[in-house]
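Everything on this sheet refers to the single structure shown next.
The values are calculated or read from the model by the stated rules, or taken from the named source; none is laboratory data. Just so we're clear, the structure is a prediction, and the values are computed from it rather than from any experiment. Every residue, glycine as well, gets a Cβ built from its backbone with ideal geometry; the counts of neighbours run over all protein chains shown.
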Amino acid sequence: MMYFFLADDEYGKKTVSVMLNGEESELEIIDHPASEMSVESYCTTYNPDVFVVVYSITDRESLERAEDVLSFLWKADLVSTKAVILVGNKTDLERSRVISTSGL
């Protein structure tokens with residue numbers, strides 16, 4: 001797999017060209033912090049095919065917010081029709097970790 005990244009003019013929107021098994025596809029990644037737009041508004045506005053929920057391993061509140069997002073997606077029955085990926089970032093800051101690897 002290889003990809004090529006292009007930043008669009010619109011804030012928080014990126015296009016990635018992905019080559020997988022000789023077939024090229026374009027992925028549009030829309031990055032909006034939960035503080036800027038509610039999950040419900042985000043779902044209505046963009047109707048995404050996949051949700052990537054990211055939290056920081058150095059911030060317990062970010063995990064709690066991620067849990068709230070996952071709960072909304074579950075209650076709205078979006079997990080039955082769309083992929084959901086949970087990502088713990090800042091793994092390079094192991095000494096600052098507050099979320100244990102078994103703490104989920």
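Can you find a residue that is free of Cβ contacts under 8 Å to residues at least 12 places away in the same chain, on the phi > 0 side of the Ramachandran plot and loosely packed, with under 11 Cβ neighbours inside 10 Å anywhere in region 45-59?
Yes, because at least one residue in region 45-59 is free of Cβ contacts under 8 Å to residues at least 12 places away in the same chain, on the phi > 0 side of the Ramachandran plot and loosely packed, with under 11 Cβ neighbours inside 10 Å.
Condition check: at pLDDT below 90, more than 15 Å from Tyr55 (Cβ to Cβ) and either of a type outside the set (Val, Ile, Thr) or out of contact with any strand residue (DSSP E or B) (no Cβ under 6 Å at 6 or more places or on another chain) (or both). Does Thr91 satisfy that?
Working: at pLDDT below 90: yes; more than 15 Å from Tyr55 (Cβ to Cβ): no; either of a type outside the set (Val, Ile, Thr) or out of contact with any strand residue (DSSP E or B) (no Cβ under 6 Å at 6 or more places or on another chain) (or both): yes.
Answer is no for this residue.
Can you pull out the residues in region 63-88 that are more than 13 Å from the chain's Cα centre (by Cα) and not in a loop (DSSP other than H, G, I, E, B)? So that I can check it myself, show each step before the final result.
Restricting attention to region 63-88, the residues satisfying the condition of being more than 13 Å from the chain's Cα centre (by Cα) are 64, 68, 71-72, 74-81.
Answer for region 63-88, where residues must be more than 13 Å from the chain's Cα centre (by Cα) and not in a loop (DSSP other than H, G, I, E, B): Glu64, Asp68, Ser71, Phe72, Trp74, Lys75.
Would you please list the contacts, defined by Cβ atoms under 6 Å and residues six or more apart or on different chains, that run from a residue in region 77-104 that is without any contact (Cβ under 8 Å) to a residue 12 or more places away in the chain to a residue that is outside any loop (DSSP other than H, G, I, E, B)?
What qualifies is Val79/Leu73.
Tally up the residues in region 37-62 that are assigned to a loop (DSSP other than H, G, I, E, B) and either closer than 20 Å to Lys14 by Cβ or not aliphatic (A, V, I, L, M) (or both), please.
Summing the residues that are assigned to a loop (DSSP other than H, G, I, E, B) and either closer than 20 Å to Lys14 by Cβ or not aliphatic (A, V, I, L, M) (or both) in region 37-62 gives 7.
From the residues in region 28-64 that are polar (S, T, N, Q) and farther than 21 Å from Lys75 by Cα, which one is modelled with the lowest pLDDT?
For region 28-64, the residue satisfying everything is Ser56.
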